[in-house]
Amino acid sequence: MWRRRTLPAVVALLGVSGLGLITVGVTADPARPPRPPVDAPTRTHPAPDLAPLPRAAPVRVQIPAIGVRAEVVPVGADAAGVLEVPPLDRPTLAGWYRHGVSPGETGNAVVVGHVDSPAGPAVFFDLGRLRAGQEIQITRADARVTTFTVDGVRSYPKEHFPTTLVYGPSDIAGLRLITCGGRFDAGTGNYVDNIVVFATRTA
């Protein structure tokens with residue numbers, strides 16, 4: 001199947017170049033996005049015994065702690081297996097990796113977003129400010145709203161992207177939010193790191 005053949009290529013390239021696309025087109029010296037703490041993400045709350053939800057695309061993400069309320073659109077991968085992101089001229093959109101699980105299914109759902117754009121900060125600019133215990137709400141196409149609680153937030157150099165932690169198997173419903181961060185390399189037009197939020201479904 002296409003999904004099984006191409007997923008390894010997507011995850012292998014994601015940390016090196018996939019999310020580098022988030023900052024393409026930024027020509028001014030951008031404000032540096034917040035850096036998360038250096039502590040490793042650990043589950044600070046028990047995962048409740050929740051029945052997995054059926055598959056349904058996410059349509060909106062809300063993160064009250066950092067003021068995010070954004071539409072979510074499906075994204076895939078290009079011919080080279082690089083994860084796509086929403087159009088740079090629509091920096092307030094988030095993108096759900098549609099070839100993975102949907103939020104609420106068993107496994108880790110992946111949602112990506114721009115950190116900035118030529119116009120300034122974008123949807124996930126403040127992702128690094130999130131802390132363990134804060135909540136993320138995902139509204140799905142079936143009208144269900146599912147809540148995830150943050151386990152931790154980490155910054156990773158793109159060449160050391162945590163592929164297994166993001167895309168690896170899980171026996172619970174998890175969520176991964178991803179954007180760029182760290183130092184901005186004016187020569188390449190990209191940030192050198194990825195910010196990853198790890199969260200577990202709690203309602």
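Figures for the structure shown
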{"item": "Answer residue from segment 145-203, given it is surrounded by fewer than 20 Cβ atoms within 10 Å (Cβ to Cβ) and of a type in the set (Val, Ile, Thr) and is nearest to the chain's Cα centre (by Cα) among those", "result": "163"}
{"item": "Yes/no for residue 174 being touching a Lys or Arg at 6+ places or on another chain (Cβ under 8 Å), touching a residue at least 40 places away in the same chain (Cβ under 8 Å) and under 26 Å from residue 56 (Cβ atoms)", "result": "yes"}
{"item": "Residues of segment 124-181 satisfying the condition of being out of contact with any Gly (no Cβ under 8 Å at 6 or more places or on another chain) and part of a loop (DSSP other than H, G, I, E, B)", "result": "125, 130, 131, 133, 134, 141, 142, 143, 168, 171, 172"}
{"item": "Yes/no for residue 21 being at pLDDT below 70, of a type outside the set (Lys, Arg) and farther than 17 Å from residue 199 by Cα", "result": "yes"}
{"item": "Set 91, 87, 54, 74: member being in a loop (DSSP other than H, G, I, E, B), at pLDDT 95 or above and over 18 Å from residue 126 (Cβ atoms)", "result": "54"}
{"item": "Residue ID - modelled with the lowest pLDDT, chosen from residues in segment 104-144 that are among the polar types (S, T, N, Q) and over 16 Å from the mean Cα position of the chain (by Cα)", "result": "117"}
{"item": "Tally, over segment 182-203, of residues that are part of a loop (DSSP other than H, G, I, E, B), hydroxyl-bearing (Ser, Thr, Tyr) and under 22 Å from residue 121 (Cβ atoms)", "result": "1"}
{"item": "Failed criterion for residue 145 (all others in (1) within 26 Å of residue 49 (Cα to Cα); (2) of a type outside the set (Asp, Glu); (3) touching a residue at least 60 places away in the same chain (Cβ under 8 Å) hold)", "result": "(3)"}
{"item": "Residue within segment 90-98 that is crowded, with 20+ Cβ neighbours inside 10 Å, among the polar types (S, T, N, Q) and without any contact (Cβ under 8 Å) to a residue 60 or more places away in the chain present", "result": "no"}
{"item": "Matching residues in segment 95-123 - criterion: being farther than 16 Å from residue 198 by Cα and not in a loop (DSSP other than H, G, I, E, B)", "result": "95, 116, 117, 120, 121"}
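A quick yes/no check of all residues on (1) of a type in the set (D, E, K, R); (2) in contact with a His (Cβ under 8 Å, 6 or more places away or on another chain):
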residue	(1), (2)
86	no, yes
90	yes, no
98	yes, no
104	no, no
113	no, no
116	yes, no
130	no, no
136	no, no
140	yes, no
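The values are calculated or read from the model by the stated rules, or taken from the named source; none is laboratory data. Source: prediction; values computed, not measured. Using ideal geometry, Cβ is built from the backbone for each residue, glycine included, and neighbour counts are taken over all protein chains shown.
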